[in-house]
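**Student:** Have a look at this one.
The values are calculated or read from the model by the stated rules, or taken from the named source; none is laboratory data. Bear in mind that the values here come from a model prediction, so they are computed numbers and not experimental data. Heads up, the Cβs are rebuilt from the backbone with ideal geometry, glycines too, and the neighbour counts pull from every protein chain shown.
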Amino acid sequence: MARTDTLKLGTFVYTFGFNPAAWRHPDADVQGANKIDHLLNVAKISEAAKFDFMFLADSPAAAIGDADALARSPTKMNRFEPLSLISALSVLTEKLGFVATASTSYYEPYNIARLFASIDHLSGGRACWNVVTSDHDETGYNYGFEGLPPHAERYERGSEFVDVVFGLWDSFEPDALVLDKAKGLYHDKDKLHTLNHKGKHFQVRGPLNIAASPQGRPVIAQAGGSEAGMELAARTAEIVFSLASNLERNKAFADNIKSRMAKYGRSTNDLKLMPGLVVNVGETKAEAQAKVDFLIDNLHPDVGRWMLGEFLEADLSGVALDQPFPLERLPTEPKGSKAMFEWLRDFIMEGHTVGELIRFYAEKSTGNGITGTPTEIADFMEEWFQAGAADGFILMLPTLPASLNDFVKLVLPELRRRGLFREEYEGKTLRENLGLSMPVNRYAAARNGGIAKET
Ligand SMILES: Cc1cc2nc3c(=O)[nH]c(=O)nc-3n(C[C@H](O)[C@H](O)[C@H](O)COP(=O)(O)O)c2cc1C
């Protein structure tokens, strides 16, 4: 039976677009990494199109490695800190949600709880925290570690971290503010709660010094394909950003995560599985392919090697483009995302040269890349949606704003014609637009005799 809900859509944001050569596109605003105009424009286009959110991936470190390649690839070298950026963008927009990435490996829970609650208030309920444990060594070097802490350790800390943040967000019950000037009473002291968390990684007294936010708590996004990542997602996430490279794999991933939710008392409606999708669209297939070719032709080989090496955690410097991939340089176990690593390793095992790999990666990037006409792209999205392999997509547009404008102009009307995407926002908050239920404050629930009522 056809689904009755509609697709959720988000714009994935690296400043100039997902392709490392995007900053060289004729329409790129090369000042865009340090001035608000460009990213505000991307937000406004996304909002006018009625997208659910703008998604800011992040890492608290400049990339390290081949300095010549990095000098040609600004993505990780010069960019806004996402929470600062979304606090500005959120007051200049009205309906668009903002997903900002922040790492449980390097923040403290109190900081995260406070920052996101503040932005949820400032935006009128449009904030979302993308929970990551981080995925590259360079981050660790900035926080007193010798590279990235081990995977299991990161997830153990990450899991406790999220619990503490949720606890802090419940500090004020939703109706705790009395605001009675005549009586001189600001808040009801019985509705403000001290967490007193003492765990393996954190000791946090609380309470949080900001009232419950418009969404009850900010929406939670998560991106991690490992066993620990899926468990954390099933327990806490409301948006899951996946990278599986075909429908069957993504469906299996979606089913796997969703099947784990019942044991946490959660409904599968409260988790939106959103694969990343690289979209290259043109009026004709040839036009779409020409756009891809332009970017690949502008991708310097040093950048290509570095980009591939970064995801594979392998140093590819000095490897000729017409040579097969040097398998001996691959780590047996990646430190970062296992999902991305396994997907690229599968392609390598087919015996391609380094040059072919770079081309493949530059076009398809993290798994799902589609180059084609509006109908082909809408068919792809509809098939995944109807099969239950996706509740929506995080659009990894190769260039910003050019590819975003193309998508809005060419693909969106086709999705709307098929009844697959909204004409208007349904609600005011990101949570309402995503169709997620309102979380219940634990203390208010206990006051109601343990019955979880909507707040
Ligand atoms: C689709 C996707 C997007 C991710 N985006 C980020 C990101 O923006 N910043 C970051 O530090 N880590 C990111 N990660 C990695 C997460 O930090 C993740 O916690 C870590 O790589 C372990 O993932 P795993 O569960 O797949 O092994 C991403 C991972 C995936 C699969």
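**Student:** Kindly indicate whether THR332 is of a type outside the set (Lys, Arg), farther than 25 Å from LYS409 by Cα and within 16 Å of the ligand (Cβ to nearest atom). Steps first, answer last, please.
**Tutor:** Numbers: of a type outside the set (Lys, Arg): yes; farther than 25 Å from LYS409 by Cα: yes; within 16 Å of the ligand (Cβ to nearest atom): yes.
For THR332, the condition - of a type outside the set (Lys, Arg), farther than 25 Å from LYS409 by Cα and within 16 Å of the ligand (Cβ to nearest atom) - is met.
Yes/no per residue for (1) over 25 Å from the mean Cα position of the chain (by Cα); (2) within 15 Å of the ligand (Cβ to nearest atom); (3) at pLDDT 95 or above:
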position	(1), (2), (3)
VAL164	no, no, yes
GLY167	no, no, yes
LEU177	yes, no, yes
LEU192	yes, no, yes
ALA223	no, yes, no
LEU232	no, yes, yes
ASN250	no, yes, no
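**Student:** Which strands (runs of 3 or more DSSP E) does the stretch 88-196 wholly contain that include 1 or more residues that are hydroxyl-bearing (Ser, Thr, Tyr)?
**Tutor:** Values: elements: 97-103, 127-132, 177-180, 185-187.
In the stretch 88-196, the matching strands (runs of 3 or more DSSP E) lie at 97-103, 185-187.
**Student:** Tell me yes or no: at least one residue of the stretch 116-124 is more than 22 Å from SER171 (Cβ to Cβ) and either within 16 Å of the ligand (Cβ to nearest atom) or surrounded by 18 or more Cβ atoms within 10 Å (Cβ to Cβ) (or both).
**Tutor:** So in the stretch 116-124, the residues more than 22 Å from SER171 (Cβ to Cβ) come out as none.
No, every residue in the stretch 116-124 fails to be more than 22 Å from SER171 (Cβ to Cβ) and either within 16 Å of the ligand (Cβ to nearest atom) or surrounded by 18 or more Cβ atoms within 10 Å (Cβ to Cβ) (or both).
**Student:** For the stretch 124-144, name all the residues that are over 14 Å from the mean Cα position of the chain (by Cα) and under 24 Å from ASP52 (Cβ atoms).
**Tutor:** As a first pass, look at the stretch 124-144 and keep what is over 14 Å from the mean Cα position of the chain (by Cα): 124-126, 136-144.
If the condition is that a residue be over 14 Å from the mean Cα position of the chain (by Cα) and under 24 Å from ASP52 (Cβ atoms), then GLY124, GLY125, ARG126 are the ones that fit.
**Student:** Looking at GLY309, GLY351, can you tell me which residue is of a type outside the set (Phe, Trp, Tyr) and touching a Gly at 6+ places or on another chain (Cβ under 8 Å)? Please lay out each step first, then the result.
**Tutor:** Working: GLY351 fails: touching a Gly at 6+ places or on another chain (Cβ under 8 Å).
Result of the check over GLY309, GLY351: GLY309.
**Student:** Additional query: Please enumerate the residues belonging to the stretch 131-153 that are among the acidic types (Asp, Glu) and either near the ligand (Cβ under 10 Å from one of its atoms) or on the phi > 0 side of the Ramachandran plot (or both). First the steps, then the outcome.
**Tutor:** Let us first name the residues in the stretch 131-153 that are among the acidic types (Asp, Glu), namely 135, 137-138, 146, 153.
Listed by number, the list holds a single entry, ASP135.
**Student:** Could you pull out the residue among ALA237, ALA244 that is farther than 28 Å from LEU357 by Cβ, touching a residue at least 60 places away in the same chain (Cβ under 8 Å), within 12 Å of the ligand (Cβ to nearest atom) and in contact with a helix residue (DSSP H, G or I) (Cβ under 9 Å, 6 or more places away or on another chain)? Spell out how you get there, then give the answer.
**Tutor:** Details: ALA244 fails: farther than 28 Å from LEU357 by Cβ.
The conditions single out ALA237.
**Student:** Can we say GLY388 is without any contact (Cβ under 8 Å) to a residue 24 or more places away in the chain and part of a loop (DSSP other than H, G, I, E, B)? Spell out the reasoning first.
**Tutor:** Values: without any contact (Cβ under 8 Å) to a residue 24 or more places away in the chain: no; part of a loop (DSSP other than H, G, I, E, B): yes.
Spelling it out, it is not the case that GLY388 is without any contact (Cβ under 8 Å) to a residue 24 or more places away in the chain and part of a loop (DSSP other than H, G, I, E, B).
**Student:** Further question on the same structure: Considering only residues that are among the small types (Gly, Ala, Ser), within 20 Å of ALA445 (Cβ to Cβ) and either touching a Leu at 6+ places or on another chain (Cβ under 8 Å) or surrounded by fewer than 17 Cβ atoms within 10 Å (Cβ to Cβ) (or both), which ones fall in the stretch 197-228? Reasoning before the result, please.
**Tutor:** The initial filter retains those residues of the stretch 197-228 that are among the small types (Gly, Ala, Ser), namely 199, 206, 211-213, 216, 221, 223-226, 228.
Still in the list and also within 20 Å of ALA445 (Cβ to Cβ): 206, 211-213, 216.
Within the stretch 197-228, GLY206, ALA211 meet the criteria.
**Student:** Quick test for you: out of LEU247, LEU271, pick the one residue that is surrounded by 21 or more Cβ atoms within 10 Å (Cβ to Cβ) and not hydroxyl-bearing (Ser, Thr, Tyr). Please lay out each step first, then the result.
**Tutor:** Details: LEU247 fails: surrounded by 21 or more Cβ atoms within 10 Å (Cβ to Cβ).
That would be LEU271, the only listed residue that is surrounded by 21 or more Cβ atoms within 10 Å (Cβ to Cβ) and not hydroxyl-bearing (Ser, Thr, Tyr).
**Student:** Pick from the stretch 140-196 the residues that are of a type in the set (Ser, Thr, Tyr) and in contact with a helix residue (DSSP H, G or I) (Cβ under 8 Å, 6 or more places away or on another chain): which of them is farthest from ARG447 (Cα to Cα)? Even if it seems obvious, please write down each step before you answer.
**Tutor:** Just the residues of the stretch 140-196 that are of a type in the set (Ser, Thr, Tyr), to begin with: 141, 143, 155, 159, 171, 186, 194.
Still in the list and also in contact with a helix residue (DSSP H, G or I) (Cβ under 8 Å, 6 or more places away or on another chain): 155, 159.
Numbers: TYR155: 33, SER159: 27 Å.
By that ranking, first place goes to TYR155.
Conditions (1) assigned to a loop (DSSP other than H, G, I, E, B); (2) away from the ligand (no atom under 14 Å from the Cβ); (3) touching a residue at least 12 places away in the same chain (Cβ under 8 Å), marked per residue:
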| residue | (1), (2), (3) |
| --- | --- |
| ALA28 | yes, yes, yes |
| ALA33 | yes, yes, yes |
| VAL42 | no, yes, yes |
| GLU47 | no, yes, yes |
| ALA61 | yes, no, yes |
| PRO74 | yes, yes, yes |
| MET77 | yes, yes, yes |
